[in-house]
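Here the structure is laid out as structure tokens; the discussion comes afterwards.
The values are calculated or read from the model by the stated rules, or taken from the named source; none is laboratory data. These numbers were taken from a predicted model, which means no experiment stands behind them. Here the Cβ positions follow ideal geometry from the backbone for every residue, glycine too, while neighbour counts run over all protein chains shown. Surface accessibility is based on the protein's heavy atoms, side chains included, excluding ligands, DNA and RNA. Shrake-Rupley method; radii C 1.70, N 1.55, O 1.52, S 1.80 Å.
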Amino acid sequence: MPFVIHGLPVSHGIAIGRAHLVSHALLEVDHLLIAPRHVEAEVIRLEDAAAKVRFELRALREASANVQSEVSAFVDLHTMLLDDPMLVSTACKLIRERRCNAEWALVQQMELIVDDFDNIDDPYLRERKADVIQVVERVLKALLGHPGHVTTRRGKDDGLDSIVVAHDLSPADTIHFKDSQVAGFVTDVGGATSHTAIVARSLGIPAVVGLRHIRHIARDDDIIIIDGARGVAIIDPDERVLEEYRLRRSAIELERTKLKRLKANRAATLDGIEISLQANIELPRDIPGVKDVYADGVGLFRTEFLFMNRDTLPNEEEQFEAYKAVAKAMGGKPVTIRTLDIGADKNLNSGGPRPETNPALGLRAIRYCLAEPQMFLTQLRALLRASLHGKIKILIPMLAHAHEVDASLAAIEQAKAQLRAEKIKFDEAIPVGGMIEIPAAALALGIFVKRLDFLSIGTNDLIQYTLAIDRTDEAVAHLYDPLHPAILRLISATIQAGIKAEIPVSVCGEMAGDKSFTRLLLGMGLQQFSMHPTQILEVKQEILRSNSADLALKVAKILKLEEPDKIREAVEKL
Ligand code: PEP
Ligand code: MG
């Protein structure tokens, strides 16, 4: 029976593939099919691993017997959970019935148990979920020390790509999909402008998030269709539905091919205003996609992706090579490199400096860099050195205070002074700009235009912080509204402040790549857009059909409106 689930559309396109269920990153295990003759040995492997953990726990209990009663209490609890027949015994049953490998059987059983915990009212008992996960992690470690005789990799070999089905995915997980057979992904949670969604758009793979229970409804190897534009996932479709989606996928491909004709056209409005269309990238490997659509430059290089999925920070040399590669490849076109924006949903493997209760409001981006001056200096030195190989601009994220701009400029000066002393050349006039993505910055633009060479509006965070909605939380996704009058006024005020101060302003948040907002932004006077390379041609098509003088008059009227319905209607009419 086909099953249709609705979620949030985050990355357009149609993907058809077989489900590959993934778990919590820590508990990510292989999904394997055990040969019938090895099934009993696999059961013994799991029982032996559990016995080993039982022994470890007993030793821990004895060592802590008279010392810390808290330690012995948790050891007792973990032993009790380990011995509960719901865990290991039921997992052994799964090995026999479904011929799963021991690790996968254990993780599947754990997820069932953990879900039940989520429904418990008592907060103490609910928190015991973490204990179940810890016990399972211990058994998994014991199992990994004793690999079994696994034979075949689970999954049908019918040429279909895989569709990753997960409760949640981090941006760091998602960035790996580029080099794999992943055709798309679906998750239970997440928001449309989370960095996970942004990475999906940047890789050009269809994705739907916020599907709530798909991780439990789908089973490994089920055929799944993702309709990325409508935010729909269809599990186990019948042949008629499959055929319809295959046709739609071909139609989309045809549309993309037609758009390619616009590659070499200049992006200019009907009344002759030239618009710069630049690209957002995460890693140097994204450059071929940027060149393929003839982008006018890189408007946002999110350098934090160089720092993720690894245990040590990239040193100056490694960063220099990455920035130089992008600058050289763009051959004199501008390359705007943003300094590290770590924090909130993008984390280093080492975590942050400390656990935070509200990371989006915590030590993120420039706040983190200023708190780690050595790390910041390393990045700035690498950026300055690379500036000799192209047209690099430095962009500082998440500014709110004048003193943050001053401290950032002082750090850049310090890096320059060091390089001069070492007789290393760099672009002395390297432009330094700031992201306007905190409402306080958009309401006090004087501070920024006076000190900086350019501004870039990060609409994703500007909307998150202005409307007080977590961009990664699907429960508040319906409140995420780029057309809220407050947002329109902040964006417009920033563009106007730039025009008045004669410094360039771009928009590099997701609004820039959404063609339904192109005319609105043109009417506000925007002349520089930065987006995923895959969106550039669609936006260019809109620009080629627009008259900016005409739009300016209409948008001025929209900015006076208060009622959401009226605003929406007027923007659609543009
Ligand atoms: C933004 O906030 O709009 C932006 C471009 O930065 P990021 O999405 O990386 O936070
Ligand atoms: Mg941002």
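Structural remarks
- Residue-wise HN-Hα couplings along segment 201-215, as the Karplus relation 6.51 cos²θ - 1.76 cosθ + 1.60 with θ = phi - 60° gives them from phi, are 5, 5, 7, x, 10, x, 8, 10, 10, x, 8, 6, 10, 4, 4 Hz; Gly and Pro carry x.
- FRET efficiency for Arg261 and Gln496, using Cβ-Cβ distance with R0 set to 25 Å, rounded to 0.05: 0.10
- Reach of Lys258 by Cα under 22 Å, taken over lysines that are not fewer than 8 positions away in the same chain: Lys291, Lys515, Lys540
- If you plug the beta carbon distance of Glu253 and Leu419 into 1/(1 + (r/R0)^6) with R0 = 41 Å, you get a FRET efficiency near 0.25.
- For Asp341, neighbours were defined as the other residues whose beta-carbon sits under 9 Å from its Cβ, and their charges (Lys and Arg +1, Asp and Glu -1) total +3.
- The HN-Hα couplings worked out from phi for segment 92-105 by the Karplus form 6.51 cos²θ - 1.76 cosθ + 1.60 (θ = phi - 60°) are 4, 4, 5, 4, 5, 6, 10, 6, 7, 6, 4, 4, 5, 4 Hz, whole numbers, x standing for Gly and Pro.
- Highest average packing first - 428-439, 72-83, Cβ atoms within 10 Å: 428-439, 72-83
- Helical runs assigned H by DSSP (4 residues or longer) give the chain a calculated mean residue ellipticity at 222 nm of -14000 deg cm²/dmol, each run adding -39500 (n - 2.57) before division by the residue total.
- Rounded accessible area of Arg568 (nearest 10 Å², 1.4 Å probe): 90 Å²
- In sequence order, calculated HN-Hα J values of segment 553-560 (Karplus, 6.51, -1.76, 1.60; Hz; x Gly/Pro): 5, 5, 5, 4, 5, 4, 5, 8
- Sequence ranges 302-315, 369-382, 92-105, ranked by mean other-Cβ count within 10 angstrom, highest first: 92-105, 369-382, 302-315
- Kirkwood hydrodynamic radius of the chain, from inverse mean 1/r over distinct Cα pairs, in Å: 26.1 Å
- Largest to smallest accessible area among Tyr480, Tyr245 [probe 1.4 Å]: Tyr480, Tyr245
- His12 - accessible surface, heavy atoms, 1.4 Å probe, Å² rounded to 10: 120 Å²
- Taking Lys and Arg as +1 and Asp and Glu as -1, the other residues whose beta-carbon sits under 14 Å from that of Val449 total +1.
- Computed over Cα pairs, the Kirkwood radius of segment 128-274 leads via Stokes-Einstein (1.567 mPa s, 4 °C) to a diffusion coefficient of 70 µm² per second.
- Dimensions of segment 450-574 along the principal axes, based on C-alpha atoms and rounded to the nearest Å, stand at 38, 37, 32, largest first.
- In this view, the solvent-accessible surface of Glu127, computed with a 1.4 Å probe and all protein chains in place, comes to about 120 Å².
- Estimated dipole of the chain in Debye, rounded to 20 [Cβ of Lys and Arg +1, of Asp and Glu -1, Cα centre]: 2180 debye
- Accessible surface area normalised per residue over segment 459-519 is 38 Å², counting heavy atoms of protein chains with a 1.4 Å rolling probe.
- Ala268 sits among other residues whose Cβ lies under 13 Å from its own Cβ, and their net charge, with Lys and Arg +1 and Asp and Glu -1, is -1.
- For Ser11, the residues 5 or more places off, or on other chains, whose built amide H falls under 5 Å of its own are Ala207.
- Summarising the amide proton neighbourhood of Ser506: residues at separation of 5 or more, or on other chains, whose placed amide H is nearer than 5 Å comprise Leu455, Ser456, Ile457.
- Relative to the dominant Cα principal axis of the chain, helix 69-83 is inclined by about 70°.
- Accessible area per residue for segment 201-353 is 43 Å², calculated with a 1.4 Å probe on protein heavy atoms, without ligands, DNA or RNA.
- Surface share of carbon and sulfur [accessible, 1.4 angstrom probe, percent] for the chain: 54 percent
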